[in-house]
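Since the structure comes first, as structure tokens, the remarks are kept for the end.
What follows is calculated from the coordinates using simple rules that are stated; it is not laboratory data. Keep in mind it's a predicted model, so treat the numbers as computed, not measured. With ideal geometry, Cβ positions are generated from the backbone for all residues, glycine too; neighbour counts draw on all protein chains shown.
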Amino acid sequence: MSVIARIKPKGLFKKKMSIQEIIGYTNLSYGVCDENYRLIENEIAKHTLLYDNAKPARGIDISIDEFDVVLQLSLPTTPSEIHLFYNTIQSLCNLYKVTTYIREGEKVHIKENEKFIRYDIEGSIEGLKDIESKIQKNTYQRFEIFGIYNPISIGINEINKFHHDLNRFEEYLHSTQSLDVYYAVPKVYKVHDRLVGIYAIGANIPSVIPKEPYIILNQIQGIHEWYVMVQEGKTIPYNDFINNVSNANYCDANHVIITLNETQIDDLVTKYEVKI
């Protein structure tokens, strides 16, 4: 679920502004998603994400359509990000010297923003209630959302932390996205007649890895085997790796945080290394 706002400059002689110029006006942090939905900070693309670095949530998508500025807010999100969305709309309306914009296909006045903030807060609460209901009923074992920095797997442990309390949801998104960790993602290779997925892990680097390996949004299907690569190309079957890491700490419903030193890696390689 998302909310889309479109700011249209007025007048016959419109000046087309770049995303770079507009972002500079907002004073917000920005970046783009890679193919695994991890943030690449300080880069700009056709669709760029704006966010408050002090309160990381899910990010506000900004793009240019001809002369219009288009903003998109993903729900459910946090109260701070909802306010940030409408504050950004207000700022851009001021920049373009307009008092109206298009929200969800309807022309609205910036004076109505407080009402829309309430709508989006209510929508976010309902969204969390829906996620909670589906997880509690085992309709879903876990639910993936895209945080500003990386995907996050929400399961029963996460739901028990915030339920449908948006302030607690905000605290959760802030705490889980403020960790100084490397979010590992797989590379897929064709080896002979099969596809294999490989995660790369380095020594002494706190790394987030899934308990069950996967490709985000199933963008690639038919992967036959999964591995972890360590120490200059040495590979270990994924199940052998994840089942024998002694210091895995819980991260979210499908991820753990591991930090392996050289000795621990040597031990895993000695016991489980395979050639692929």
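Couple of notes before you dig in:
- Mean shadow area of the stretch 14-97 over all directions, Cα convex hull, nm²: 5.5 nm²
- All distinct Cα pairs of the stretch 129-233 go into the 1/r average, and the inverse of that average, the Kirkwood radius, is 15.9 Å.
- Across all directions, the average projected area of the convex hull around the alpha carbons of the stretch 182-272 is 5.9 nm².
- Cleavage-rule hits (GluC sites (Glu not before Pro)) in the stretch 217-276: DSSP loop, at most 16 neighbouring Cβ within 10 angstrom: 232, 273
- Listed residues 163, 192, 109, most fluctuating in the chain (Gaussian network, C-alpha, under 10 Å): 192
- Length released on extending from residue 144 to residue 249, taking residue separation times 0.36 nm less the Cα-Cα span: 35.9 nm
- Between 0 and 90°, nearest 10: helix 262-272 axis offset from the chain longest Cα axis: 60 degrees
- Segment residue 270-residue 32, extension gain: residue separation times 0.36 nm, minus the distance between their alpha carbons: 81.7 nm
- Model label zone, residue 191; criterion: amide N under 19 Å from point 7 Å along Cα-to-beta-carbon; scope the stretch 259-275: 266, 268-275
- Annotation note: trypsin sites (Lys or Arg not before Pro) in the stretch 42-129 located in DSSP loop regions with a Cβ neighbour count of at most 10 within 10 Å are 46, 97.
- Springs between Cα atoms under 10 Å define the GNM used for the chain, and in it the highest mean-square fluctuation of 132, 41, 21 occurs at 21.
- Sum of -39500 (n - 2.57) over DSSP H runs of 4+, divided by residues of the chain (222 nm, nearest 500): -9500 deg cm²/dmol
- For q = 0.09, 0.10, 0.12, 0.15 Å⁻¹, Debye-computed log10 I/I(0) when each Cα of the stretch 6-155 counts as one equal scatterer: -0.31, -0.38, -0.55, -0.82
- Translational diffusion coefficient (Stokes-Einstein; Kirkwood radius from C-alpha pairs) of the chain at 4 °C, 1.567 mPa s, in µm²/s: 62 µm²/s
- Radius, Kirkwood style, for the stretch 69-148 when every pair of distinct Cα atoms is counted (Å): 14.2 Å
- Length available on full extension from residue 46 to residue 205: 0.36 nm per residue minus the Cα-Cα distance, which gives 54.0 nm.
- When the Gaussian network model of the chain links Cα atoms closer than 10 Å, the mean-square fluctuations of 125, 159, 102 top out at 102.
- Share of pairwise Cα separations in the stretch 126-183, more than 13 Å, in percent: 60 percent
- Kirkwood-Stokes translational diffusion coefficient of the stretch 55-111, alpha-carbon pairs, 10 °C, 1.306 mPa s, µm²/s: 131 µm²/s
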